[in-house]
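Colleague: Once you've had a glance at the structure underneath, I'll fire off some questions.
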């Protein structure tokens, strides 16, 4: 069904109308992938004594992946390189994310940064973030000060 | 190569929002349309598809008639834990394509590494024009 319509469709414009329809539908199609959202997609789970962060980052070389935690913020960044053999003008369809990316995630609790572990399997990154033992509230004794 | 009408998707093309939700199949699992790249090389076409969480054992890639279809079953399942933050959901992948006659169907090769599928679709050698002798009665 046409997306685009002239008020009155007469013959010389029919080709143009069809062409515009085709373009609009083509645009729609490129939005069907999941590539238009923030990259990469992240989930964070609470596993009791630790948090588990998972991210879908298919096809990233380990050496292009960087993971840091400081002041309760976890940063993951990396680069997704296009295949060296592919020229820009040789693409017929390009929906996959490409280029440099970075995500910063505010962690809900203090994390034991020494105990962080990360593994990468089948294009999925899994980061284990142990809760810091120092999150137990410490009571501060109050003494009477000088008057 | 062109994309075949995706018979599995319930939502109609043209009524798509910027971030369409996954399709809930009757089996209870989610089904996603994976993002792809297709580009041309001197030898033919190369197709890439992002299939995070799919192992080579979980991937079914087949050519029937002129249709190349890929179905990837994720081997990573949802964790049993409280969700603090959720941006993506876990599900299987399905997409199919119509191959042109230029593709040499017998010599399609595929590799799956780190959740990325690469399919090489070599161009078939062109059939030589055959001269037809015409005779008169």
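The values are calculated or read from the model by the stated rules, or taken from the named source; none is laboratory data. Owing to the predicted nature of the structure, the values given are computational and were not obtained by experimental measurement. As a convention, Cβ positions derive from the backbone with ideal geometry for all residues, glycine included, and neighbour counts pool all protein chains shown.
Colleague: If I ask for residues that are within 13 Å of chain B (Cβ to nearest Cβ) and out of contact with any helix residue (DSSP H, G or I) (no Cβ under 8 Å at 6 or more places or on another chain), which ones from segment A:100-110 would you list?
Modeller: A:103, A:104, A:105, A:106, A:107, A:108
Colleague: If you don't mind, another one. With A:125, A:105 as the choices, which residue is closer than 30 Å to residue B:56 by Cα, in the same structural domain as residue A:76 (by TED's automatic domain parsing) and not in a loop (DSSP other than H, G, I, E, B)?
Modeller: A:125
Colleague: Taking residue B:55 as the residue in question, decide whether it is in a strand (DSSP E or B), at negative phi and either at pLDDT below 90 or within 13 Å of chain A (Cβ to nearest Cβ) (or both).
Modeller: Yes: the conditions hold for residue B:55.
Colleague: Can you name every residue in segment B:31-45 that is in contact with a strand residue (DSSP E or B) (Cβ under 8 Å, 6 or more places away or on another chain), closer than 13 Å to residue A:85 by Cβ and facing another protein chain (nearest Cβ under 7 Å)?
Modeller: B:37, B:39, B:40 - these are the residues of segment B:31-45 that are in contact with a strand residue (DSSP E or B) (Cβ under 8 Å, 6 or more places away or on another chain), closer than 13 Å to residue A:85 by Cβ and facing another protein chain (nearest Cβ under 7 Å).
Colleague: Does segment A:84-96 contain at least one residue that is surrounded by 14 or more Cβ atoms within 10 Å (Cβ to Cβ), over 15 Å from the mean Cα position of the chain (by Cα) and farther than 25 Å from residue B:112 by Cα?
Modeller: Within segment A:84-96 (the criterion being surrounded by 14 or more Cβ atoms within 10 Å (Cβ to Cβ), over 15 Å from the mean Cα position of the chain (by Cα) and farther than 25 Å from residue B:112 by Cα), the answer is no, since none of the residues qualifies.
Colleague: Kindly indicate which of A:86, A:69 is at pLDDT 70 or above, over 18 Å from residue A:123 (Cβ atoms) and touching a helix residue (DSSP H, G or I) at 6+ places or on another chain (Cβ under 8 Å). Break it down stepwise before answering.
Modeller: Values: A:86 fails: touching a helix residue (DSSP H, G or I) at 6+ places or on another chain (Cβ under 8 Å).
A:69 is the lone residue from the list that is at pLDDT 70 or above, over 18 Å from residue A:123 (Cβ atoms) and touching a helix residue (DSSP H, G or I) at 6+ places or on another chain (Cβ under 8 Å).
Colleague: What residue, of A:81, A:77, is at pLDDT 90 or above and closer than 26 Å to residue B:93 by Cα? Don't jump to the end; show me each part of the working.
Modeller: Working: A:81 fails: at pLDDT 90 or above.
That would be A:77, the only listed residue that is at pLDDT 90 or above and closer than 26 Å to residue B:93 by Cα.
Colleague: Inside segment B:69-137, counting only strands (runs of 3 or more DSSP E) that do not spill past its ends, which hold 3 or more residues that are within 11 Å of another protein chain (Cβ to nearest Cβ)?
Modeller: Filter on segment B:69-137 gives B:82-86, B:92-98, B:116-122.
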